[in-house]
1. Can you say whether Ser44 is out of contact with any helix residue (DSSP H, G or I) (no Cβ under 7 Å at 6 or more places or on another chain) and either modelled with pLDDT under 90 or on the phi < 0 side of the Ramachandran plot (or both), as far as the supplied structure shows?
2. Considering the stretch 29-55 alone, what residues qualify as being surrounded by 19 or more Cβ atoms within 10 Å (Cβ to Cβ) and over 22 Å from Ile74 (Cα atoms)?
3. Just checking, how many residues over the stretch 7-24 are exposed (fewer than 15 other Cβ atoms within 10 Å of the Cβ) and in contact (Cβ under 8 Å) with a residue 12 or more places away in the chain?
4. Are any of the residues in the stretch 64-80 of a type in the set (D, E, K, R), assigned to a loop (DSSP other than H, G, I, E, B), loosely packed, with under 14 Cβ neighbours inside 10 Å and modelled with pLDDT of 80 or more?
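The values are calculated or read from the model by the stated rules, or taken from the named source; none is laboratory data. Here the structure is a predicted model, which means the values were calculated and not measured. Virtual Cβ from ideal backbone geometry, glycine too; neighbours counted across all protein chains shown.
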Amino acid sequence: MVGFGKRLKQARNEFNLTQEQLATRLGISREALANYETDTRFPSIDTLIRISSELHLTMEYLLDLPGGGETIDISDLEPNEAAMIRMMVYMFRTGREEKNK
């Protein structure tokens, strides 16, 4: 099981954000964010919601709960671009299912 802090840090790094940058976006101190990433402290529900929104991740994913997964906002894409993304996801899923048979 991957902890909340590790998932948070991984997501922050994937966005190429420093702790200071993400903390500023979330309205918290860099120290608070560092404590979350090391699992020393846990954020309030309000902060958890802001983290989820800012990093485009579900709370289920961040908390390693069943059904958790990443979300990607494709609402600003053209319909054909969004369709291509959906098709790619479908292809990855079905390819993985075939490989596991």
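1. yes
2. Leu33, Tyr36, Glu37, Pro43
3. 1
4. Yes, the conditions are met somewhere in the stretch 64-80.
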